[in-house]
Amino acid sequence: MHAWGGSTRKQRLPRTWSHLRSQVMRRDAYTCQINGPDCVRVATDVDHIQRGDLHELDNLQAACKPCHARKSAREGVQGRARRAALRLRPAERHPGLTGEH
């Protein structure tokens with residue numbers, strides 16, 4: 001399965017995505033803006049800086065594959081942890097219970 005497997009991300013991109021992507025790549029001179037530990041500097045991807053579906057130029061940056069993959073994996077782990085924390089939240093006590101029997 002590829003990285004997009006099970007994701008609806010591609011369907012949520014705006015019709016103008018290819019134009020936005022070109023603008024970002026030119027603006028950032030095809031240079032990775034993340035510059036992580038395994039960075040190869042040559043950008044091939046466009047990354048959303050803040051998670052979500054805000055497709056404005058201020059929220060997009062050019063990224064190399066290793067940096068984009070690392071950032072996406074980290075965000076995925078954080079998202080799963082947030083969802084797990086919500087599932088593990090202790091049940092609320094009934095307001096009429098005082099703890100005395």
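The values are calculated or read from the model by the stated rules, or taken from the named source; none is laboratory data. All values reported here derive from a predicted model rather than from experimental measurement. Note that each Cβ is placed from the backbone with ideal geometry, even for glycine, and that neighbours are counted across all protein chains shown.
Some notes on this structure:
- Count of the stretch 49-71 residues which are without any contact (Cβ under 8 Å) to a residue 40 or more places away in the chain and within 11 Å of residue 24 (Cα to Cα): 7
- Filter pass, residue 40 being among the aliphatic types (A, V, I, L, M) and either within 16 Å of the chain's Cα centre (by Cα) or surrounded by 14 or more Cβ atoms within 10 Å (Cβ to Cβ) (or both): no
- Scanning the stretch 69-101 for residues that are at pLDDT 80 or above and among the basic types (Lys, Arg) yields 70, 71, 74, 80, 82, 83.
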